[in-house]
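**Q** Below are the structure tokens for one structure; questions will follow.
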Amino acid sequence: RGYLRPKDIAIVAVLALLPTGGWADAAADYAEHCASCHAENRLGGTGPALIPETLTRAKNLDQVIAHGRPSTQMTGFADQLSPERIAALVEFIKAPLAETPSWTVADIEASREMVADYTPAEKPVFTADPMNITLVVETGDHHVSVLDGDTFDVLDRFGTPYAVHGGPKFSPDGRYVFVMSRDGWVEKYDIWSLREVGRVRAGLNSRNIAMSHDGQWLAVANYLPQTLTILSTETLEPVRVIDVAAKDGTPSRVSAVYQAPERKSFILALKDAPEIWEVATDPEAGPFYDGYVHSFEKDATEAFGAQEGLFARRRIRTEEPLDDFFFDPGYKNLIGTNREGTKGVVINLTSGGKVAELPLPGMPHLGSGITWDRNGHKVMATPHLDEGVLSVIDMTDWTLVKQIKTSGPGFFLRSHETSPYVWADVFFGPHKDEVHIIDKQTLEIVKTVNPAPGKTVAHTEFTRDGKYALVSIWEDDGAVVVYDAKTLEEVRRLPMRKPSGKYNVWNKITFSDGTSH
Ligand code: DHE
């Protein structure tokens, strides 16, 4: 009593910024114009959630409210609301919610919508190679295009939840794919039948998803609430919601969940705790210890409350919270970055101990890392988000082999077992229209392509056989440009609506060295 919580202070600060009566007017305007699609509690309905957790990256919200978003159901309100009232509405939706919303197993279950007339096809309803399907996420109008990887024909184009982020995850046989939106919706799509199977809201603000080694479970990493949701891949039913908190009880957001098939587990990066979690997907797993002990300390079972079997959880203590993981090919070690993005830390997943520290300043984006063989050594490369370099690390002794200078900070790297090159985009800065092609052995840039001068060009994916490399022109009237991966010449251009990531079934389910996992 008498004290304000930080979120109350934030609301008071927002109120102070509004003209007299602004908050009440904004709340009334929200109720009248927005609530029917975005829900009274702002957690989203047919439209996305309008809460600060999901709006931090949204730009020009006043323009969106005034003029709507093309190709969506969001219409403009400029003829009904003055610029001042629109500005007040923007502040209203950016203010924290008065109460941290909960999202329980019952809420998840109630959100589940299975497509009523879906019947699984007995075999693919197309003649294309089902293992060479490539999905293109089109963020411009929230669709995914299903491409025949040989002819580049679009076999289907299906609607997704709003703002898909991260890589879709395929079932181990490549038949089903799951995509996730930042609002926590997970959609299941049957590639053989070219049909959506259903969708479920697994969290309110989610980071990414991971598939279990046996294809039975899909884990969803959430920021809001601070949980890991585990869904049945067959029915999309929630089978477990794990509250995520450090050993001392402090709740933590989950930065990301990773699939570690060779360990038969999920690995979690915790945003707010100096811990890495491992959650078993193996019914025979364990014992896993709940204390800050390593797995070899078997006699600590009693003292630390061991968990066994499916979804048993293990904590690995770290010196500081680590994020953005990259795994070595055997899933024995992971590399994570610290919050400041000044170094890489190698952790042995079996002992839980720190193996090495890597000199990686400039915000390395390890999640985009890829590996290949060079001079008998396995090397990995990672772009840096703050500077125009790629770091190449020798994974046998964790030494820095080279920093390759690029014409600006990049986001994504891709290669293929059959390709002598790494494709590295320049996502930020004046050279955002360039993609460097780098020789895997000499580590020199051999060519820079620039398919759409002045536009953002990013993210490469290869076809199954590695013959073609597909690059996105990341613009609303964008395209996927198909290159001959040998001659490095453009062979096709497929118009797409702000295409972002592309994912080849075969490359993903075989965990190809050249692709992110
Ligand atoms: Fe991503 C993958 C985190 C911003 C597009 N991004 C991932 C993954 C993580 C991550 C943890 C791996 C998940 C997986 O595939 O399972 N991304 C983050 C961030 O923390 C960051 C920097 C800030 C944020 O807002 O979350 C961020 N990401 C972006 C973007 O701004 C991008 C360029 C546009 C967008 O869609 O939001 C973007 N991220 C992507 C894409 C992938 C991705 C296309 C999948 C790449 C792949 O090839 O697998």
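**Q** Out of everything in segment 379-402 that is in a strand (DSSP E or B) and of a type outside the set (A, V, I, L, M, F, W, C), what residue ends up being surrounded by the most Cβ atoms within 10 Å (Cβ to Cβ)?
**A** Result: 383.
**Q** On to the next question. Please find, within segment 202-225, the residue that is modelled with the lowest pLDDT out of those that are away from the ligand (no atom under 14 Å from the Cβ) and open to solvent by 10 Å² or more (accessible area, probe 1.4 Å).
**A** That would be 225.
**Q** For segment 251-273, indicate whether the set of residues that are more than 16 Å from the ligand (Cβ to nearest atom) and of a type in the set (S, T, N, Q) is non-empty.
**A** No, segment 251-273 contains no residue that is more than 16 Å from the ligand (Cβ to nearest atom) and of a type in the set (S, T, N, Q).
**Q** Right, something else. For segment 339-365, which positions are without any contact (Cβ under 8 Å) to a residue 12 or more places away in the chain and crowded, with 21+ Cβ neighbours inside 10 Å?
**A** Of everything in segment 339-365, nothing turns out to be without any contact (Cβ under 8 Å) to a residue 12 or more places away in the chain and crowded, with 21+ Cβ neighbours inside 10 Å.
Per-residue answers, yes or no, for (1) of a type in the set (A, V, I, L, M, F, W, C); (2) closer than 24 Å to residue 196 by Cα; (3) in contact with a Pro (Cβ under 6 Å, 6 or more places away or on another chain); (4) open to solvent by 30 Å² or more (accessible area, probe 1.4 Å):
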residue: 74; (1), (2), (3), (4): yes, yes, no, yes
residue: 83; (1), (2), (3), (4): no, no, no, yes
residue: 92; (1), (2), (3), (4): yes, no, no, no
residue: 165; (1), (2), (3), (4): no, yes, no, yes
residue: 170; (1), (2), (3), (4): yes, yes, no, no
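**Q** May I ask you to list the residues in segment 471-502 that are surrounded by fewer than 23 Cβ atoms within 10 Å (Cβ to Cβ), touching a residue at least 60 places away in the same chain (Cβ under 8 Å), over 20 Å from the mean Cα position of the chain (by Cα) and assigned to a strand (DSSP E or B)?
**A** 482, 492, 494
**Q** Then there's this: Considering only strands (runs of 3 or more DSSP E) fully contained in segment 403-463, which possess at least 3 residues that are open to solvent by less than 40 Å² (accessible area, probe 1.4 Å), at negative phi and touching a Leu at 6+ places or on another chain (Cβ under 8 Å)?
**A** Because the criterion is at least 3 residues that are open to solvent by less than 40 Å² (accessible area, probe 1.4 Å), at negative phi and touching a Leu at 6+ places or on another chain (Cβ under 8 Å), the strands (runs of 3 or more DSSP E) in segment 403-463 that meet it are 421-425, 457-462.
**Q** Let me ask another. In segment 366-378, how many are without any contact (Cβ under 8 Å) to a residue 60 or more places away in the chain, surrounded by 20 or more Cβ atoms within 10 Å (Cβ to Cβ) and assigned to a strand (DSSP E or B)?
**A** 0
**Q** Of everything in segment 305-338 that's in contact with a Gly (Cβ under 7 Å, 6 or more places away or on another chain) and aromatic (Phe, Trp, Tyr), which residue is surrounded by the most Cβ atoms within 10 Å (Cβ to Cβ)?
**A** Residue satisfying both the conditions and the ranking: 326.
**Q** Take the conditions more than 15 Å from the ligand (Cβ to nearest atom), in contact (Cβ under 8 Å) with a residue 24 or more places away in the chain and assigned to a loop (DSSP other than H, G, I, E, B) and apply them to residue 174. Does it pass?
**A** Answer is yes for this residue.
**Q** Please indicate, with yes or no, whether at least one residue in segment 436-454 is within 16 Å of the ligand (Cβ to nearest atom) and at pLDDT 95 or above.
**A** Checked segment 436-454: no residue is within 16 Å of the ligand (Cβ to nearest atom) and at pLDDT 95 or above.
**Q** In this structure, is residue 197 of a type in the set (Val, Ile, Thr) and either without any contact (Cβ under 8 Å) to a residue 12 or more places away in the chain or within 15 Å of the ligand (Cβ to nearest atom) (or both)?
**A** So residue 197 does not fit the description; no.
**Q** Give the residue that is nearest to the ligand (Cβ to nearest atom), with candidates limited to residues of segment 394-435 that are without any contact (Cβ under 8 Å) to a residue 40 or more places away in the chain and farther than 18 Å from residue 473 by Cα.
**A** 406
The values are calculated or read from the model by the stated rules, or taken from the named source; none is laboratory data. As the structure is a computational prediction, the values presented were derived from the model and not from experiment. FYI the Cβ positions are ideal-geometry reconstructions off the backbone, even for glycines, and counts take in every protein chain you see. These accessible areas exclude ligands, DNA and RNA; they are computed on the full protein's heavy atoms, side chains included. Shrake-Rupley method; radii C 1.70, N 1.55, O 1.52, S 1.80 Å.
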